[in-house]
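Report on one structure; see the data block that follows.
Each value in this text was obtained by applying a stated rule to the coordinates, not by laboratory testing. Predicted, not measured: the structure shown is a model, and the values here were computed from it. Please note: Cβ atoms are built from the backbone with ideal geometry, for glycine as well, and neighbour counts cover all protein chains shown.
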There are 2 protein chains.
Amino acid sequence: MIQKLIDRIVKTDAPIVVGLDPNLSFVPQGILHRAFEEKGETLEGAAEAIWQFNKGIVDAVSDIVPAVKPQIAMYEQFGIPGLKAFKDTVDYCHEKGLIVIGDVKRGDIGSTSASYAKAHIGRIEVGSKSYAPFDEDFATVNPYLGTDGVKPFVEVCSSEDKGIFVLVKTSNPSSGEFQDRLVDGKPLYELVAEKVCEWGSESMDGDYSNVGCVVGATYPEMGARLRKLMPKTFILVPGYGAQGGTAEDLKNFFNPDGLGAIVNSSRGIIAAYKKDEYKKYGEDGYAEASRAAVLDMKKDIKSVL
Amino acid sequence: MIQKLIDRIVKTDAPIVVGLDPNLSFVPQGILHRAFEEKGETLEGAAEAIWQFNKGIVDAVSDIVPAVKPQIAMYEQFGIPGLKAFKDTVDYCHEKGLIVIGDVKRGDIGSTSASYAKAHIGRIEVGSKSYAPFDEDFATVNPYLGTDGVKPFVEVCSSEDKGIFVLVKTSNPSSGEFQDRLVDGKPLYELVAEKVCEWGSESMDGDYSNVGCVVGATYPEMGARLRKLMPKTFILVPGYGAQGGTAEDLKNFFNPDGLGAIVNSSRGIIAAYKKDEYKKYGEDGYAEASRAAVLDMKKDIKSVL
């Protein structure tokens, strides 16, 4: 699956993933009112609003980016209707040819991780039939439980040609509290990185592994070090834009081949129309504003590669 | 909320939580056939089977245990219909007076954790209305992202009178890979434990905090040490029974007041009818077998306290 992602990155010439993290405050009033009129101020109404909002953005950007990354928490907060909007979004993105990275950050003891792996990137058997319940292409995985919490995902990567990104060094301010602590002189995130390479060696797909990692753009020096430590590991890089990461910071995350990283932007793209630079698009032009923000982000990243 | 849990533990005289982790292989053939006949060999059929299975167990044990712990992965693996069965199970357990610990192991950067907290133990605003999407009483939380990944949950604990259990030392074989690594001479899980106490001090409820922790029965010596380090932290203890933890191991997790811990058993209870000791109940008596297994577990734990 990582090779499919790389092929699409090369084709679109954009190492960019659009974070589909819809918040009701991002949804233009027109869409919100129509959804509430149709389904009431209910979880169903909220789910309808974010689904219509997503569709507009996907239509506007699907030819210029390789992938999207819906953050499942933004859907889960609207209960079952929200999760239905998540699934509808995954399916719609597939119809539009996009690769879908489910930002689910799941991880548990072995047998339970196996169920999560089936849910998101695998298949589950029901009697004589089998189903792909959420059917993302990649999922993000939390490593705190160690190898037996991650291995079931790696096995599904190999059997179903899917991928994962394991959290190594996250973009948030307090990520260092545990991740940066020194173990035998090395920060914990480096130990996790070593394990990611070990797990990843079992699911290679061309030059890179189906087992990638997450390293925040907000920690560029650590990114540079991890890039060298994990030459065959694709890095999913959150934290660009709204969280403070700049294009200059991103350079460190790429390999000399110009590959090896894909940069996420969520708010910066999907809520672009709220920013001064894109205000001219207005609420009704929120999707066009997103497209413009993607093109600007592409230019910004290209300027440093 | 922790006081409510303690009150129910005292009332039932059982520091026991039943893990509602239904696997299709646990569901008696009769229930499975009826569900498939009604809804087909579909995700809906699977969800119907586990929901009917759960109802039988909940009816059989709700007067003798304080709480249940549905593991959401076992529902998520059946997609949207599975998650609907999760929600139906939560609601049904509440009707029966049980406290519900959602074993969701969520955790993300701050704003995203806030959405998970709303989804599981809080409320979400939709226009002028507000809803409790999944409405569990407690949720389990992964600490790898540090304070800003956990704080949004703690805030909801205080504002909505709910609780969380933060993973400290998990029950699985490879939990030591990262959790046991020494940082300044102390294992990482102890650093996490210190943070749990710090977070918990902001949401006290009687003698204990609404912020509890998870420590596996499979690591009794670490349990003893953590019990002393965290006197006001309630410990959710998985790993008893099927995973290998014994009653003798459990002693270490309790305070001298006989409180401070609640022990989970999943397979050992819900699939008891498959074990030699309870075979006499037969498939049709699976729920009675569960009740007998709870009573035996209670006796087993009581023998060492």
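A few remarks follow.
- Efficiency of FRET between A:Glu248 and A:Glu38 - r from beta-carbon atoms, R0 51 angstrom, step 0.05: 0.65
- A:Gly40 label point (Cα plus 7 Å toward Cβ) to equivalent points in the other copies: 2.9 nm, shortest first.
- Among the residues of A:177-190, the average count of other protein chain beta-carbon atoms within 10 Å of the residue beta-carbon is 4.
- Legend: P(r) of the range B:2-302 from all alpha carbon pair distances, 20 Å bins from 0, whole percents, reading 35, 58, 7.
- B:Asp257 label point (Cα plus 7 Å toward Cβ) to equivalent points in the other copies: 6.0 nm, shortest first.
- Its Cα centre serving as origin, the range A:63-103 has a Cβ charge dipole (Lys and Arg +1, Asp and Glu -1) of approximately 60 debye.
- Label-to-label distance for A:Ser25 and B:Ser159 is 1.2 nm, based on points extended 7 Å past Cα in the beta-carbon direction.
- Annotation: for a label point projected 7 angstrom from Cα along Cα→Cβ of A:Glu198, residues of the range B:169-185 with backbone N closer than 17 Å are B:172-182.
- Average other protein chain Cβ within 10 Å of Cβ, residues B:142-153: 6
- Nearest-first distances (nm) between copies at B:Ser25, label 7 Å from Cα via Cβ: 4.7
- Within the protein assembly as shown, percent of DSSP bridges classed antiparallel, to nearest 5: 20 percent
- Under Karplus coefficients 6.51, -1.76 and 1.60, residue-wise ³J(HN,Hα) of the range A:133-142 in Hz, glycine/proline x: x, 9, 6, 6, 8, 10, 9, 8, 10, 8
- Computed about the Cα centre, the dipole magnitude for the range B:2-302 is approximately 360 debye when only Lys and Arg (+1) and Asp and Glu (-1) carry charge, each at its Cβ.
- C-alpha center-to-center spacing [the range B:260-279, the range A:210-251] in angstrom: 45 Å
- Between A:Val304 and A:Lys228, the contour length at 0.36 nm per residue exceeds the alpha carbon distance by 25.5 nm.
- Farthest toward positive dipole pole in the protein assembly as shown [+1 Lys/Arg, -1 Asp/Glu at C-beta], among B:Ala261, B:Gly176, B:Gly97: B:Gly176
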